[in-house]
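FYI, it's all coordinate maths here, none of it is from the lab. Everything numeric in this text was worked out from a predicted model, so none of it was measured. Backbone-built Cβ (ideal geometry, glycine too); neighbour counts: all protein chains shown.
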């Protein structure tokens with residue numbers, strides 16, 4: 001059974017704090033790792049697609065790294081703002097013909113002003 | 001920008017009713033998906049469709065059926081709603097597979113269904 005785990009489950013930080021959370025996934029049969037952001041009352045929105053070991057992606061104050069050999073990805077938010085409050089989901093995509101997104105449960109981030 | 005719309009944001013139905021959830025995408029995507037999201041269980045795939053009139057069961061298809069008569073529209077049907085189908089339902093679409101980035105799914109805003 002393929003398992004994708006995210007930690008922590010939830011996080012409360014103050015505005016201006018930097019934060020990070022983890023996505024763990026199977027280290028074999030890797031094709032890609034997706035990060036999504038899901039704000040309350042909105043649609044989940046793709047943040048990053050990561051494919052190569054050592055990949056580092058950045059979008060404004062949010063960045064992500066990938067280690068496919070050990071099966072983890074970190075998402076970092078620098079100087080958190082209230083508008084960063086959302087659930088951050090990662091999804092593992094396996095290689096092969098029957099490719100399927102396996103979703104983590106998400107990390108719920110609340111940034112207090 | 002890809003737009004995926006769902007017919008209702010909130011829906012209240014009674015046990016035993018037939019429920020239709022509609023999803024429309026405007027990007028000519030071949031693939032469409034229905035998920036449900038429940039606290040502590042994450043996103044679970046109910047059904048997906050890779051072409052008009054084609055459908056495949058996901059991880060939790062029991063109690064649901066789907067219809068894809070037109071490329072842009074994918075409907076989820078609860079034949080006889082039950083209280084354990086109270087959930088947030090999310091529709092998504094994506095284009096043809098052609099590399100990791102093309103596997104990105106575009107989501108609708110969700111329908112929160114309450115079955116009494």
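Here are the numbers for the structure shown:
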{"item": "Taking chain A and dividing mean pair separation by its residue count, relative contact order in percent (alpha carbons under 8 Å, at least six apart)", "result": "37 percent"}
{"item": "Among A:97, A:29, A:20, residue whose mean-square fluctuation peaks in a GNM of chain A (springs only between Cα atoms under 10 Å)", "result": "A:97"}
{"item": "Shape box of the range A:28-79 [Cα atoms, principal axes, largest first, Å]", "result": "35, 24, 13"}
{"item": "Selected from B:94, B:14, B:36 as most flexible by GNM, with chain B as the system and alpha-carbon contacts under 10 Å", "result": "B:14"}
{"item": "Fewest-first sequence of A:12, B:29 by Cβ atoms within 10 Å of each Cβ", "result": "A:12, B:29"}
{"item": "Extent along principal axes [Cα atoms of the protein assembly as shown; Å; largest to smallest]", "result": "48, 41, 34"}
{"item": "Separation in nanometres of the label points that stand 7 Å from Cα toward Cβ, at residue A:95 and residue B:112", "result": "4.2 nm"}
{"item": "Ascending count of other beta-carbon atoms within 10 Å, so fewest first, for B:35, A:88", "result": "A:88, B:35"}
{"item": "Measure of compaction for chain A (Cα Rg per 2.2 N^0.38 Å)", "result": "1.03"}
{"item": "Relative contact order, percent, the range B:60-113 [alpha-carbon distance under 8 Å, six or more residues apart]", "result": "28 percent"}
{"item": "Cα-Cα separations in the range B:1-71 greater than 16 Å, expressed as whole percent", "result": "57 percent"}
{"item": "Euclidean distance between Cα centres, the range A:40-113 to the range B:83-115, Å", "result": "17 Å"}
{"item": "Exposure proxy ranking, count of Cβ atoms within 10 Å, fewest first, for A:73, A:85", "result": "A:85, A:73"}
